[in-house]
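*Asks:* Can you keep this structure in mind? I'll have questions shortly.
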Number of protein chains: 2
Amino acid sequence: MTDALLADVAKLDAADPLAGFRDRFHLRDGLIYLDGNSLGALPRSTARRLARVVTEEWGEGLIMSWLGADWSRAPQRIGDKIARLLGAARGEIIATDSTSVNIFKALTAALSLRPGRSKLLSEAGNFPTDLYMMQGVEAFLGGRVRAVAAEPDAVLEALDHDVAALLLTQVHYKSGRIRDMADVTRKAHAAGALVIWDLSHSAGAIPVDLNGAHADFAIGCGYKFLNGGPGAPAYLFAAARHQTATPVLSGWFGHARPFAFEEVYEPARGIERFLCGTPPVLGLAALEAGVELMLEADMAELRRKSLALGDLFMERMEPLCARYGFTLVSEREPALRGSQVAYAHPKGYQIVQALKACDVIADFRAPDVLRFGLTPLYLRYRDIVETVERLEKVCATKAWARGEYQVRAAVT
Amino acid sequence: MTDALLADVAKLDAADPLAGFRDRFHLRDGLIYLDGNSLGALPRSTARRLARVVTEEWGEGLIMSWLGADWSRAPQRIGDKIARLLGAARGEIIATDSTSVNIFKALTAALSLRPGRSKLLSEAGNFPTDLYMMQGVEAFLGGRVRAVAAEPDAVLEALDHDVAALLLTQVHYKSGRIRDMADVTRKAHAAGALVIWDLSHSAGAIPVDLNGAHADFAIGCGYKFLNGGPGAPAYLFAAARHQTATPVLSGWFGHARPFAFEEVYEPARGIERFLCGTPPVLGLAALEAGVELMLEADMAELRRKSLALGDLFMERMEPLCARYGFTLVSEREPALRGSQVAYAHPKGYQIVQALKACDVIADFRAPDVLRFGLTPLYLRYRDIVETVERLEKVCATKAWARGEYQVRAAVT
């Protein structure tokens, strides 16, 4: 890094109103972590929170903590906190189960609200589990329902009067491209379809306004930008007007009176009906700590910094694109760009491995995409510049063609 | 306690080969915990394990821990450990999701293996979520499948040639009565039905031999006798011969190649196909610590002590039954008795509250059942005698009719 560049970057970091958040995370010195959109970093508060839940609430409180420590309402309580990030109201989100299981709940709820319609629509190239869950419903219902994956540019045209639900990811997992939630929802509603938004790469990454867009259902994962920990519970949004749908996964925690131990299922009146089994208390505790930390930050500020980090990344990458054959595959246009930048390169896999060997963690997505997640809570402007410098060395020395130890020697 | 009784009980505790396990748990002095069949106590190793998973594996290892710390195979690895408790083979059990979600997987797998059959059969009075999940499938399939709850004594007669699956709990949650797994399975198979065993109150409580009984599917929860923590992941057993069933909850972790990000679902070849979303790593870590501790104990020894604790409990309760109107509702006969004893009493709810006020934690199940869970890993014979003594004081002083502080004053 030249002195001038160093000074410029130092100025950016010094002026960053979010700079203070970095110390709230456990991050090893020297590491540049650009994979927070796969697994967010560990908030320091989480370790303390979990220790307390385990030793005090479980160890000392035992069974009494279901009420005493309010475990029993954790899915709703944390859902209400996530709602503040997503433009939803209290009582419209629960946190529990996995994203995939919540997709199933949303798909089947939408089918029950659109009887007579037989298509579940999505786009080719969507995150696989979204497509797989649709295919599972199709297989189970033996021909009564079809799972259709239209080409991305043709998905809105495919909205005919047989579509019960359109399942789309707001920020594409690979390209980071943003779908216009309000516009797509309006068009789907015009065709009488409901929309299920996958917010896995949106929540905590870009401003989201579910009710502003009249969204029907949404799901998303807790372990990316929400920093909820590996395999964190996911969340499900059901607009208040849709909380009449009959749950297919009708487990006891979704019952109107779970502890009356009645024999006939009667769904709870609110969002609770979309609960199923006993909530995963330990995972929820970690998720809650991550969400609370995110709520301390101003979302407009987060978005501004995310775009600025992305701009800086693309600016620094320009010479490498020309010299080493990287092609930008994420969007330049801010309105279309999620909190990541992605490049294609024929040696993408090897380059990501070589970067890892010199302490830059990025992500590879088949067949040739290098994905760099931008997490404004714990990334600094200097991390971006440093990343591109290390990447340049990896390319200049062809370190990506060697084993891990040689990479380190070549680059550092 | 008379001196003679004290000496007798001390002898039993001194001779107990499992006595050493008590110190492996976090248990507050003075507390007698008879609700380990609702939520097992905290193993000391769990707190250490979780701290390591959080700080080292997540905090330091970040995304690399999916391979580096073997998170990705945790459901199978822990499933294999649970298999050793349940008479299953390696590759027949996974640990993930909730019991309710796993019931749905087993019910729908059984339906796919018995095409043309339309009944899901269970017994009235089964644990509610078992019945509810059946009812959810019925509602979803709109009349093609019926959920039937026969009377407990008539359930085997209800096994006609239209039953696809029989879902029964091996140890009844309220009465603790044991169903003969081998006998019931044989009769169900004779009618061409598959059997799904709910082992929530069996695993870690009584010897279970799934393959010895030719069981088809089984599910069970991790937070009771397995001491896996609040809302711990549950487990699913699918006999090797049934691992061809097409999963309905076809999430990406059940795909043959999850990280190839293909667009068409193709189930993995083994038990992995019954995985769905991203596994709950933190919950699995706690469950693994609980299961490992259980595996250190000899199951025959556990069972022997469990029955001895129950015998002692019933013996000490005899005079109270006559004097204060308790009625034994659990089984006396060892072959029929799970690891709990239960009594009915018209003031059952108040008595359980009064016991709690004097540091004895039991469980109330509507309408009038007091349930005492016997967990041989951390209960002593003296705890049983002490429990009945405190219960006697609660009854003799009618402390159950008063508020918490008066109870304590009356009894201690």
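*Asks:* Can you show me the helix-derived [θ] at 222 nm for the protein assembly as shown, built from DSSP H runs with n ≥ 4 at -39,500 (n - 2.57) apiece and divided by the number of residues, rounded to the nearest 500.
*Replies:* After summing the helix terms and dividing by the residues of the protein assembly as shown, the value is -11500 deg cm²/dmol.
*Asks:* Next question. Show me, for the stretch A:100-113, the HN-Hα J-couplings you get by feeding each phi into the Karplus relation (A = 6.51, B = -1.76, C = 1.60, θ = phi - 60°), rounded to Hz, glycine and proline as x.
*Replies:* 4, 5, 5, 4, 4, 4, 5, 4, 6, 5, 5, 4, 5, 8
*Asks:* While we're on this one: Residue-wise, which Karplus ³J(HN,Hα) couplings in Hz belong to the stretch B:134-148, taking 6.51 cos²θ - 1.76 cosθ + 1.60, θ = phi - 60°, and x for glycine or proline?
*Replies:* Per residue, the Karplus-derived 3J(HN,Hα) values read 4, 5, x, 5, 4, 4, 5, 8, x, x, 6, 10, 10, 9, 10 Hz.
*Asks:* What distance in nm lies between label points placed 7 Å from Cα along the C-beta direction at B:ARG269 and B:HIS214?
*Replies:* According to this spin-label approximation, the distance is 2.7 nm.
*Asks:* Ok, one more. Contact order normalised by length for the stretch A:47-296, with contacts defined as Cα pairs under 8 Å and 6 or more residues apart; what percent is it?
*Replies:* Averaging sequence separation for qualifying contacts and normalising by length gives 24 percent for the stretch A:47-296.
*Asks:* Could you pull out every residue, at least 5 positions away or on a different chain, whose amide H is within less than 5 Å of the one on A:SER250? Hs are placed 1.01 Å off N in the peptide plane, and Pro or chain starts have none.
*Replies:* Long-range HN contacts for A:SER250: B:GLY136.
*Asks:* Continuing with this model, one more query. Using only Cα atoms, tell me the angle between helix B:381-396 and the longest principal axis of chain B; keep it within 0 to 90° and round to the nearest 10.
*Replies:* Its long axis makes an angle of about 60 degrees.
*Asks:* What average number of partner chain Cβ atoms lie no more than 10 Å from the Cβ of the residues making up A:86-98?
*Replies:* Mean number of neighbouring Cβ atoms from other chains: 2.
*Asks:* Kindly provide the trypsin sites (Lys or Arg not before Pro) of the stretch A:99-169 that DSSP labels as loop, not H, G, I, E or B, and whose Cβ sees at most 14 other Cβ atoms within 10 Å.
*Replies:* Loop-located and lightly packed - A:ARG144.
*Asks:* Going by amide H atoms built from the backbone, whose H comes under 5 Å of the H on A:SER98, apart from near neighbours?
*Replies:* Those qualifying (amide H under 5 Å, at least 5 residues apart or on another chain) are A:ALA234.
*Asks:* May I pose another question? Based on Cβ point charges of +1 for Lys and Arg and -1 for Asp and Glu, what charge dipole magnitude is obtained for the protein assembly as shown about its Cα centre, in debye rounded to the nearest 20?
*Replies:* The calculated dipole for the protein assembly as shown is roughly 60 debye.
*Asks:* Please list, or write none, the lysines whose alpha carbon is within less than 28 Å of the alpha carbon of A:LYS105, excluding same-chain residues fewer than 8 places away.
*Replies:* Within reach: A:LYS81, A:LYS119, A:LYS174, A:LYS187, A:LYS224, B:LYS105, B:LYS119, B:LYS224.
*Asks:* For the stretch B:99-135 and the stretch A:275-307, compute the distance between their C-alpha centroids and round to whole Å.
*Replies:* 35 Å
*Asks:* Now for a separate question. Can you compute the modelled spin-label distance between A:ASP13 and A:ARG304, with each label point 7 Å from Cα toward Cβ, in nm?
*Replies:* It works out to 2.1 nm between the two label points.
*Asks:* Would you please give the residues with an amide H less than 5 Å from that of B:ALA149, counting only those at least 5 places away or on a separate chain, with H modeled from the backbone geometry?
*Replies:* For B:ALA149, the qualifying residues are B:SER122.
*Asks:* Which ³J(HN,Hα) values in Hz, rounded to whole numbers, follow from the phi angles of the stretch A:212-220 under the Karplus curve 6.51 cos²θ - 1.76 cosθ + 1.60, where θ = phi - 60° and Gly and Pro get x?
*Replies:* Working through the residues one at a time gives x, 9, 6, 5, 8, 10, 8, 9, x Hz.
*Asks:* Relative to the longest principal axis of chain B, what angle (0 to 90°, nearest 10) does the C-alpha long axis of helix B:74-86 take?
*Replies:* Its long axis makes an angle of about 60 degrees.
*Asks:* What's the exposure ranking of B:THR99, B:THR397, going from fewest to most Cβ atoms within 10 Å?
*Replies:* B:THR397, B:THR99
*Asks:* Can you give the average number of partner chain beta-carbon atoms within 10 Å of each beta-carbon in peptide B:101-107, as a whole number?
*Replies:* For peptide B:101-107, the averaged partner shielding equals 3.
*Asks:* Among B:MET1, B:MET314, A:MET317, which comes first, second and so on when ranked by fewest other beta-carbon atoms within 10 Å?
*Replies:* Numbers: B:MET1 12, B:MET314 18, A:MET317 21.
So the residues, fewest neighbours to most, are B:MET1, B:MET314, A:MET317.
*Asks:* Also, I was wondering about something else. Over the whole of A:61-71, what's the average partner chain Cβ count within 10 Å per residue? Rounded to a whole number, please.
*Replies:* Rounded to a whole number, the mean comes out at 4.
*Asks:* At B:GLU292, with labels set 7 Å past Cα in the Cβ direction, how many nm apart are the copies from this one, shortest first?
*Replies:* 2.9
*Asks:* Separate question: What distance in nm lies between label points placed 7 Å from Cα along the C-beta direction at B:ALA89 and A:LEU6?
*Replies:* Spacing of the two 7 Å Cα→Cβ label points: 6.4 nm.
*Asks:* How would B:SER112, B:SER250 line up from fewest to most surrounding beta-carbon atoms within 10 angstrom?
*Replies:* B:SER112, B:SER250
Coordinate-derived values only; no laboratory data. All values reported here derive from a predicted model rather than from experimental measurement. Note that we place each Cβ from the backbone using ideal geometry, even for glycine, and neighbour counts take in every protein chain shown.
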